[in-house]
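Q: Take this structure, written in structure tokens, and hold onto it; I'll ask about it next.
The values are calculated or read from the model by the stated rules, or taken from the named source; none is laboratory data. Given the structure is predicted, the values throughout are model-derived calculations rather than measurements. Note: ideal-geometry Cβ built from the backbone for every residue, glycine included; neighbour counts use all protein chains shown.
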Amino acid sequence: MKKWMKIMLLAVLPAMVLTSCDDDDDDDTTPVVEIANVMVVHASPDAPGVDLLIDDSKVNSAALTFPNNTGYLEVPAGNRNVKVNAAGTTTTVIDADLDLERDENYSVFAVNTLSNIEPLVLMDDLTAPASGRAHVRFVHLSPDAPAVDVAVTGGPVLFSDRAFKSATDFTPVDAMSYNLEVRLAGTETVVLTVPNVNLASGRIYTIFARGFVAPPADNENALGAEIIVNR
């Protein structure tokens, strides 16, 4: 009986080993999808609602309108084609090829007037702020506004001499509520006030200047500010 059991074990063990090896091979060949995170922001003050296509596949269910954003979308890393179309049409207003790195975060702003619309692509550093701090950056996206400073009302300048399409780095500030003002660069002339900006501890924000200083006829998108919570 013992001899018979020994013979059976010798016959079964090689099959078990081969099966184990096959399982390992299957695991090794399982594809791993590398992901980047991409937010698209509609910041063109005279452009209609748009659709977003990544590698010619539409990714938004409703038209993206000024000055809203998609939030971060998970997109396969690598070379991706991004198109912005007038909503419900095949008319492409932005056609850009982006090289997206794995695990990185990006904001793609559709900027400028409709006749000159273009993408502004920023890499977003979402490193967590220190305790009691928030991170904030400023992006100048008002196409007819001159260079500006962004300051705390009655306090220091946070971002100086920012021209159209320029962006600051994310900057650490104390987590609290701020009254901000936008001034003509290098002067005390206030062109926009942004009251009650609540920057919470551990959060990351983008503040962007939007709209027109002098809106064209039939356009109500006057100069203002928009706040995005990046994290």
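Q: Looking at (1) over 13 Å from residue 204 (Cβ atoms); (2) crowded, with 17+ Cβ neighbours inside 10 Å; (3) of a type outside the set (Val, Ile, Thr), which is the one condition that is false for residue 154?
A: (2)
One line per residue, one yes/no per condition, for (1) part of a loop (DSSP other than H, G, I, E, B); (2) in contact (Cβ under 8 Å) with a residue 40 or more places away in the chain; (3) under 14 Å from the mean Cα position of the chain (by Cα):
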| site | (1), (2), (3) |
| --- | --- |
| 62 | yes, no, no |
| 71 | yes, no, yes |
| 74 | no, no, yes |
| 93 | no, yes, no |
| 97 | no, no, no |
| 103 | yes, yes, yes |
| 106 | no, yes, yes |
| 115 | no, no, no |
| 122 | no, yes, yes |
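Q: May I pose another question? Criterion first (within 30 Å of residue 162 (Cβ to Cβ), surrounded by fewer than 19 Cβ atoms within 10 Å (Cβ to Cβ) and not assigned by TED's automatic domain parsing to the domain that holds residue 226) does residue 101 satisfy it?
A: Criteria met by residue 101.
Q: Something else now. For the structure I just gave you, tell me whether residue 172 is part of a loop (DSSP other than H, G, I, E, B), more than 23 Å from residue 69 (Cα to Cα), at pLDDT 95 or above and of a type outside the set (S, T, N, Q).
A: no
Q: Answer yes or no as to whether residue 110 is surrounded by 15 or more Cβ atoms within 10 Å (Cβ to Cβ), touching a Gly at 6+ places or on another chain (Cβ under 8 Å), at pLDDT 95 or above and under 28 Å from residue 224 (Cα atoms).
A: no
Q: Answer with yes or no whether residue 191 is surrounded by fewer than 18 Cβ atoms within 10 Å (Cβ to Cβ), assigned by TED's automatic domain parsing to the domain that holds residue 164 and closer than 18 Å to residue 147 by Cα.
A: Considered against the rule, which asks whether it is surrounded by fewer than 18 Cβ atoms within 10 Å (Cβ to Cβ), assigned by TED's automatic domain parsing to the domain that holds residue 164 and closer than 18 Å to residue 147 by Cα, residue 191 comes out as yes.
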